[in-house]
Every structure is written in C-alpha cells, then in structure tokens.
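Please treat every number below as a calculation from the coordinates, not as lab data. Quick caveat: nothing in here was measured; it's all calculated off a predicted structure. FYI the Cβ positions are ideal-geometry reconstructions off the backbone, even for glycines, and counts take in every protein chain you see.
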Amino acid sequence: MATRVIIVRHGQSVYNTQQIIQGRCDESVLTETGLAEANKVGATLSKLEFDAVYCSPLQRAKQTAEVICSYLPYSVELQLADNLMEIDLPLWEKLRKSDVVEKFPEDYRRWKDRPHEFHMVVPTTEGSREHFPVLALHQQAQQFWQEILPRHQGKTILIVAHNGINRCLISTAIGIPPARYHSIRQSNCCINVLNFTGSWGEQVQLESLNQTSHLGYALPTLRAGQKGLRLLLVRHGETEWNRASRFQGQIDIPLNENGRQQGAKAAEFLKEVPIDFAVSSTMQRPKETAEIILQPHSNVPLELQDALKEISHGLWEGKLEAEINEEYADLLLRWKEAPETVQMPEGENLQQVWERAVACWDEMVKSAVDPSTELKTGLVVAHDAINKVILCYILGLGSESFWGIKQGNGAVSVIDYPKGGDKLPILQAMNITTHLSGGVLDQTAAGAL
C-alpha cells in the first residue's frame, strides 16, 4: 500500500513581501495575506485524514502548520523536524535580493545557473569552512525521508516547510539532480502530492506539483514583467479504453462523454489565460480535447504534430492488462519496473518515443520563445507517455523515471521558459486536476496508455 505525502509551503511572510532572503533566519512571520492563505489550505486539506503532521521549527512554517491543524476534524500532534528547515545561506540572510545581486554578482549568477556548484566560505571559530547550500539541502531532505518513511508505511502524512527544502524533498524522492534546483516552483501555501510505493529507494510517483487553485488562482502567478514562453501541457480527456484499462497506444480511440466533459472543464479552467498558439497530436483524442479547450479562443489555429502521437504498443494494443499478462508476463513486469528496457513487440521503446517527442518539443520552443518580447503562451495537448517523457526531459530525469510522473486525463501542467530556449525551463505546476474533481487528489481514470 502506498504512502501518500502532502507537502505544503508556508504562507506569505513579511520577508517575502520585502524581497529579503530568509534562509534559516527566524525573524519573519506570516503577513495577513499569509494567514489567509494558511486558512484556505487548511480548509482544503480538512477533507483528508493524516496519520502525522511534520513541520519546520521556523515560525513562518510553524504558524502555517498550526492554522492547518486547526481545520482538521481530529486531533493530530504537530511534530517539529529540524531536517525541514530552510536552505542555509548564512552570508545572504536578511539581505534584499537586489543587494545580493549587486554585492555578489558572480556568486549570484552561479547560484542561478549552476546551483549544485554554488558555495560560500563561511567563517567558523576555527577559521572557515566551504559550504555548498544546495548539496547540503539535498542531503538533509534525503535524511528526512529515511527517518520518516519507515514510521508511516501505507499512511498519509502532511509536511509544512519552505521553498528550498520542499524542492529538495521532491527532487530527492523522484531523482531530480541538484543542478535542477531552480527548475521547480513552490508558491506560498501551494500543495504537492507524492506517492511512495514502498520504503526509501523504491519507486516514487509525483502526483502533482504546486497546486494553487485553492488559493483562488488557477495557475501559478507570473513574475512581474515576465517575458519568454509559457507552455500549457495537457493530457487528452478520457476514452472508453482508458476507463477499461485497455492499451490503446496508436489505435485512434475517440473521447468518451466523460472525456469531452473533462475537455470542457479544462476549457473553463483556462478560458481567462491568453493563448497565442496551439499544438496537438494528430490522434482523435488529443485533437478533440484541444478543440474543446480552444472554443473560448476561437482565433487560435490548431497545429497537428505527428511526432506527438502516443507510444506504439504494437501487439499489446487493444488488449487488457490481464490478456497481455497471459502471453507476455515477464515483459509486462519489466514494463512496470524498468520501462526503459522494454521493446514493445512490433511497437516502440521509450528511447524512440523520447527522441521524437523531445525533438518536436525543442523545435516548438525554439520557434516560439523570444525572451525580449512580451510573454507568449502555447497550448500543447498530447498523451500519457508523450507528456511523461517531456516532463522527465524538463526535470533532467531519464526514461527510467517514466513511472515517477503522473498524468491524469484532462490534467494541466505549466512549463515556463523565462530566459529563452537555451536556458533551463521551470516546471511551474504539474498534473493539475482540481478543475475536474475539485479536490487535491487526482481522481481521473488515467488507465492504460
């Protein structure tokens, strides 16, 4: 039975509003907005039952956790954990970001571009020590998982912490390298969901990242004056074969009625978002989903890309898992445990899917991104395997991490390229399904690929 982990960032703090670097400084408290955010996330999480609640001892996180716990309809002990403290930036704490940029330009550039190499020489009573903040935080996050997971196997736990440590908790869980520290976003009082299939070192799934709908805005807010490119990556709506868990692959199955309703809900969810261009797989189910989403954007043409077609399952297509298991038991088991090693009989392997999907994605980014102009937003609608491969690529993961990414029918993910196509993108949000069910957890059928 999976261990579900809900991770929340603290509400807006005084230092957040003043653009002051907080780190482990414990002077900053929640603003009125931060308290309101904590109340909203508390009300949202009150529908879930938690076996345990852990939080950072720093007061901005502790305040947030206390508000959340006040909404839970049962008593649960709030446990403080030092391994949930924020990233340690001793030479920058309590400085404004603008002052750090001015006083430490080379260090700040390295912090943004190569965070895994960024270090500080910190004075000690014995002289000085070399401190690598991001690498140390990754190690801290891993230690937290190793200590906590054995205590709550098969349960649901809540973690309330900070921007940096949350990134590292997620990264160490699914294998995102320290070099991608800045590649995932954590908004104040956002919600993330991780599913651990067993103990530490076994398969982990990132179900969703940076949910913000409960705060009143569908997608993570844009930075002031943000330019470049934003891509909305959507999985197609449900088909009858998804519902039955029948492998469809490149058999051109249309949406069912629920799938069309999911498309309509995604259209409502995104109707206020300016869309400049749209791309879809050539297959019926994503094409129809894209057309429904674009109804409020009638002036946007839909471009079809054959390279975004679903993985070819070959001889598995049209079969239920039980039917495949009768003839291909060993291969099916390998598909579940080591998908990167599987060649589908008379079909594709993940490397082939990776090459065509990533090439198409990169070309799309290259042709659309322009960091010197106003923000451009594109809609991309494709399939489970295609979306998973693209998201792995964005996060610096390999195809062996394929099952670590969840993509529900009608789910929305948000990828930004604020500094051009040659710079690392930022995964702003992933697998958002709140517009479909209204809840924190992904309730879509998902089904076979």
Open item on the list: For the chain, take the longest principal axis of its alpha carbons; what is the angle in degrees between that and the long axis of helix 284-293, to the nearest 10 within 0 to 90?
Closed with: 50
TODO: Hey, can you grab everything whose amide H is under 5 Å from the amide H of R246? Only 5+ residues off in sequence or another chain; H modelled, so Pro and N-termini drop out.
DONE: A448
Task: Tilt relative to the chain, helix 384-394 - C-alpha long axis, 0 to 90 degrees, to 10 - done: 30
Task: Top of N258, N299, N188 by mean-square fluctuation, Gaussian network on the chain, Cα under 10 Å - done: N299
Open item on the list: Just to be sure I understand: of the beta bridges DSSP finds with both ends in the chain, what percent are antiparallel, rounded to 5?
Closed with: 50
Open item on the list: Just to be sure I understand: of the beta bridges DSSP finds with both ends in segment 3-215, what percent are antiparallel, rounded to 5?
Closed with: 60
Task: Value at 222 nm in deg cm²/dmol, rounded to 500, when DSSP H runs of n ≥ 4 in the chain each add -39,500 (n - 2.57) - done: -10500 deg cm²/dmol
Task: Relative contact order of the chain, defined on C-alpha pairs under 8 angstrom at six or more residues apart (%) - done: 18
- [ ] Report, for segment 190-338, the % of DSSP beta bridges that are antiparallel, rounded to 5.
- [x] 60
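Among I68, I426, what is the fewest-to-most ranking by other Cβ atoms within 10 Å?
Taking fewest neighbouring Cβ atoms as first place, the list is I426, I68.
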Task: Cα centroid of segment 50-79 to Cα centroid of segment 275-335, whole Å - done: 41
Task: HN-Hα J in Hz across segment 187-200 - Karplus 6.51, -1.76, 1.60, θ = phi - 60°, x for Gly and Pro - done: 7, 4, 6, 6, 10, 10, 10, 10, 10, 8, 6, x, 8, 4
TODO: Please report, in Å, the Rg and the Dmax of the chain, where both are computed over Cα atoms only.
DONE: 22.0, 70
